[in-house]
Structure formats: structure tokens, C-alpha cells
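Peer 1: Take this structure first; my questions come after.
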Amino acid sequence: MNETVKTQLNHKTIRKFKDKKIEKEVMDILFDVATRSASSNGMYSYSMIHVTDKEKKSQIAKVCAQPYVESTSDLVVFVVDIYRNRQIAMENGLELENLGEDMDNFLQGASDALISAQNMVVAAESMDIGTVFFGSILGDIPKICEILKLPELTFPIIAVGLGYRDVEPALKPRLPKKMQIFENEYK
């Protein structure tokens, strides 16, 4: 078994971080990994917002109702971003009717963003950086949009907290595979 698989099988959510900043070079590598992720139709219908401002992290922690958002060294919010692609199309004289108004575009962006977030987490954990997903940013979407100044046709889908772990939690139990993996049809 290779080291990547061992790291993935040992995935643990970290909720307590050391007061130590992740180096810029390391974050650059993690952003490189995230941007090299698979993308539906090559549209890259997502963006990432690297939240480093303590006040913004504090406001996001309140939305999430999870104070440890503030203790992350780095917080990355993954955003479904149809706005950017619409702007590019318009600047090139293309009129795309209904862009951003159908579920297909949204789901492509959501899939792209979530794949990118997962790849960032795998890379971070392989570098011994602790991670935590914050689906709780969905608790008050308008407030997150306000904090991050998100334009129309964008949607904050998930956030990833990163930092040097200050705890070593036990592995959480999982459902037995027979309850999640079926052959040929749903059982």
C-alpha cells in the first residue's frame, strides 16, 4: 500500500490547530493541486477564496456556529462560479442565454468545486497538515455572500480549514461497506 492510500485511510477531521501559520510556499502547492483537479467540460466553474483576514474568519465562524473556524491557519471557501464564465463569454461577444439559470451549470460547478476541495485535503494531509470541511457555511448563505462580497451567479458550496494539528483524534467508525456498496443495483 502506498503512502497516499495510507494517508487517506487515516483521514481524521482536525478541530484544534497550533498557532502556526502554513507557509506561503505550501499553500501555493495546495492551490496548484486544487486547480489541477478534474473539471466538467473544462469549464472550471468554481473559484476559491483564501480567507486570511481574522475578522472575516470570525464572522464565518459565527455563521458556522463552530468557533474553531477562527483557529485554522488558513481557510479556503470553494465557490460555484458561473459569474466568471458569463463575464468571459460577454467580453468575447457571446450571448449565452440562461447561463447560470439551469441546474446543470450549477451541478457542474458544484462537482468541480467539491472535487477540488477533496484534492486539496488529500494533498494537505499527505504533507501532515490537518484539515476540516465546513459544510456549515451553508447555514446562512446570504451572510457568507456578504462577508466574501460574492456577486450574482456564485454560491459558496464548502470551506476547508487547514492548519498544523494540535490534537490526534481517534479514527471515527464508518458504515460497513455492505451498507454502502452494491453490485449492479440498489439493495
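The values are calculated or read from the model by the stated rules, or taken from the named source; none is laboratory data. Remember, it's a predicted structure, so these values are computed and weren't measured experimentally. All Cβ positions, even for glycine, are placed from backbone atoms using ideal geometry, and neighbour counts span all protein chains on display. What goes into the accessible areas is simple: the full protein's heavy atoms, side chains included, and nothing from ligands, DNA or RNA. Shrake-Rupley method; radii C 1.70, N 1.55, O 1.52, S 1.80 Å.
Peer 1: Restricting to the range 1-13, give me the number of residues that are at pLDDT below 90, assigned to a loop (DSSP other than H, G, I, E, B) and not charged (D, E, K, R).
Peer 2: The number of residues fulfilling the criteria is 2.
Peer 1: Do you know which residues across the range 42-70 are within 26 Å of Asp32 (Cβ to Cβ) and in contact with a Lys or Arg (Cβ under 7 Å, 6 or more places away or on another chain)?
Peer 2: Ser47, Val51, Val69
Peer 1: For Ala61, indicate whether it is at pLDDT 95 or above, touching a Ser or Thr at 6+ places or on another chain (Cβ under 7 Å) and under 16 Å from Ile158 (Cβ atoms).
Peer 2: Answer is no for this residue.
Peer 1: Working only within the range 135-187, note down all residues that are among the hydroxyl-bearing types (Ser, Thr, Tyr) and in a loop (DSSP other than H, G, I, E, B).
Peer 2: Tyr164, Tyr186
Peer 1: Free of Cβ contacts under 8 Å to residues at least 24 places away in the same chain, charged (D, E, K, R) and surrounded by 11 or more Cβ atoms within 10 Å (Cβ to Cβ): is that true of Glu146 in this structure?
Peer 2: Yes: the conditions hold for Glu146.
Listed here are the residues, each with its yes/no results for (1) touching a strand residue (DSSP E or B) at 6+ places or on another chain (Cβ under 8 Å); (2) in a helix (DSSP H, G or I); (3) among the small types (Gly, Ala, Ser); (4) within 14 Å of Gly109 (Cα to Cα).
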{"residue": "Val33", "(1), (2), (3), (4)": "no, yes, no, no"}
{"residue": "Ala38", "(1), (2), (3), (4)": "no, no, yes, yes"}
{"residue": "His50", "(1), (2), (3), (4)": "yes, no, no, no"}
{"residue": "Lys57", "(1), (2), (3), (4)": "yes, yes, no, no"}
{"residue": "Leu75", "(1), (2), (3), (4)": "yes, no, no, no"}
{"residue": "Val79", "(1), (2), (3), (4)": "yes, no, no, yes"}
{"residue": "Asn85", "(1), (2), (3), (4)": "no, yes, no, yes"}
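Peer 1: So Ser37 fits all but one of (1) over 14 Å from the mean Cα position of the chain (by Cα); (2) under 23 Å from Gly163 (Cβ atoms); (3) open to solvent by less than 50 Å² (accessible area, probe 1.4 Å); (4) touching a residue at least 60 places away in the same chain (Cβ under 8 Å); what number is the exception?
Peer 2: (1)
Peer 1: Of the residues that sit in the range 90-126 and are part of a loop (DSSP other than H, G, I, E, B) and open to solvent by 70 Å² or more (accessible area, probe 1.4 Å), which one is modelled with the lowest pLDDT?
Peer 2: Taking the candidates together, the pick is Glu97.
Peer 1: Is the range 178-185 home to any residue that is open to solvent by 70 Å² or more (accessible area, probe 1.4 Å) and of a type in the set (Val, Ile, Thr)?
Peer 2: yes
Peer 1: What about Gly161, is it modelled with pLDDT of 90 or more and small (Gly, Ala, Ser)?
Peer 2: Considered against the rule, which asks whether it is modelled with pLDDT of 90 or more and small (Gly, Ala, Ser), Gly161 comes out as yes.
Peer 1: While we're looking at this one, here's another question. From the residues in the range 51-81 that are aliphatic (A, V, I, L, M) and open to solvent by 20 Å² or more (accessible area, probe 1.4 Å), which one is nearest to the chain's Cα centre (by Cα)?
Peer 2: Filtering first and then ranking leaves Val63.
Peer 1: Quick check on Lys21: is it in contact (Cβ under 8 Å) with a residue 40 or more places away in the chain, open to solvent by 30 Å² or more (accessible area, probe 1.4 Å) and part of a loop (DSSP other than H, G, I, E, B)?
Peer 2: So Lys21 fits the description; yes.
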